[in-house]
């Protein structure tokens, strides 16, 4: 064994003494915290008088018991773990299969459920002061879903985003390369859809609607009285508006016009 004795931080309000016959026995004492360790690092007791809790490791890191007001919990790995640290709570079930992380304070509520680390993740967050809300679901590598203040975004596939959930550079520069399908929508019914990098896309905003299946057909409606449909990027194009109806063929700028008065009346 290695024997040593130390007195540390003597000029502070929390001086510490260390006595050890390492690795068989280690004792640490200070006004704020004391610990005893036998057969380091497996068996230990820690008493934190500042934060008012006591922890036993028997043996570390498989079994840990913590008792206190704001700090308490039980860990028996790999079967079960439930530990609370002030406003944070962390739970494991059949490590590393299922994990729950929670934070509850006067400012924020946040919960994250995870399966096999990054395989599946579900995050819910509410900021009480601002009223902002967030919901994010990642199922690697199949899809990702995010709802921020009522605006939802769904995409397929999700190859890298679950590992870097807050990396805006990856989201902006790399994610479009593998997202074969994307959809955004809000609570007012507005939506945007993209399939196979805009081979098919659609957009709806209020009464306005537009969609395209490239290069076969394109459709746009600005109101109940105005619409525009085109085949093969203008080979055949039909328009209806306040000035009547119009048919254009073979990409020519002029075409057939009729029902001008009816269109104006509508």
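Each reported figure results from applying straightforward, stated rules to the coordinates on display, with no laboratory input. All figures in this text were calculated on a predicted structure; none of them were measured in a lab. Quick reminder, even Gly has a Cβ in these numbers, built from the backbone with ideal geometry, and neighbours come from all protein chains shown.
When 173, 134 are ordered from fewest to most other Cβ atoms inside 10 Å of their Cβ, what list results?
Lowest to highest Cβ neighbour count: 173, 134.
If each residue's Cβ is checked for other Cβ atoms within 10 Å, how do 135, 114 rank with the fewest at the top?
The fewest-first ordering by Cβ neighbours comes to 135, 114.
How big is the stretch 207-266 by Rg and Dmax over its Cα atoms, in Å?
11.7, 34
Looking at the chain only, what percent of DSSP beta bridges run antiparallel? Nearest 5 please. Intermediate values should be presented prior to the final figure.
Values: 133 of 133 bridges.
About 100 percent, rounded to the nearest 5.
Estimate the FRET efficiency between residue 13 and residue 187 by the formula 1/(1 + (r/R0)^6), using the beta-carbon distance for r and 35 Å for R0, to the nearest 0.05. Intermediate values should be presented prior to the final figure.
Values: r = 55 Å, r/R0 = 1.58.
The computed FRET efficiency comes out at 0.05.
Would you list 79, 139 from fewest to most Cβ contacts within 10 Å? Don't skip to the answer; put the middle values down first.
Details: 79 11, 139 17.
Neighbour counts put them in this order, fewest first: 79, 139.
Using just the alpha carbons, could you tell me how many Å³ per residue the convex hull of the stretch 140-266 encloses?
Convex hull of Cα atoms, per residue: 115 Å³.
Give the shape of the stretch 87-197 as rounded, prolate or oblate, defined through the alpha-carbon gyration tensor: a ≥ b ≥ c are the square roots of its eigenvalues, a/c under 1.5 means rounded, and otherwise the shape is prolate if a/b is larger than b/c and oblate if not.
Taking the square roots of the gyration eigenvalues as a ≥ b ≥ c, the stretch 87-197 is oblate.
Over the chain, what lengths in whole Å, largest first, do the semi-axes of the equivalent ellipsoid take, defined as the square roots of 5 times the eigenvalues of the alpha-carbon gyration tensor?
Each semi-axis is the square root of five times an eigenvalue, giving 67, 19, 15 Å.
Taking a ≥ b ≥ c as the square roots of the eigenvalues of the Cα gyration tensor of the stretch 146-195, is the shape rounded (a/c under 1.5), prolate (a/b larger than b/c) or oblate?
Details: a/c = 2.52, a/b = 1.52, b/c = 1.66.
Taking the square roots of the gyration eigenvalues as a ≥ b ≥ c, the stretch 146-195 is oblate.
So what is the relative contact order of the chain, in percent, for Cα pairs below 8 Å that sit 6 or more residues apart?
5
Figure the gain on full extension for residue 159 and residue 229 (residue separation times 0.36 nm, minus the Cα-Cα span) and round it to one decimal in nm.
Working it through step by step, the gained length comes to 21.5 nm.
Compute the length gained on full extension between residue 251 and residue 49: take 0.36 nm times their separation in residues and subtract their Cα-Cα distance, giving the result in nm to one decimal.
In short, 64.4 nm is gained.
For the stretch 69-122, just the Cα atoms, rotate onto the principal axes and tell me the three extents in Å, largest first.
Here the Cα extents, ordered largest to smallest, are 31, 24, 9 Å.
Answer rounded, prolate or oblate for the stretch 1-153, using the Cα gyration tensor with square roots of eigenvalues a ≥ b ≥ c: rounded when a/c is under 1.5, else prolate when a/b is larger than b/c, else oblate.
Cα axes put the stretch 1-153 in the prolate bin.
When only Cα pairs under 8 Å and 6 or more residues apart are kept, what is the percent relative contact order across the stretch 87-197?
The value is 14 percent.
On a C-alpha basis, how far is the centre of the stretch 4-64 from the centre of the stretch 135-149 in Å? Whole number, if you could?
Between the Cα centre of the stretch 4-64 and that of the stretch 135-149, the gap is 43 Å.
Expressed as a rounded percentage, what relative contact order does the stretch 207-266 have, with Cα pairs under 8 Å and six or more residues apart?
Result for the stretch 207-266 is 22 percent.
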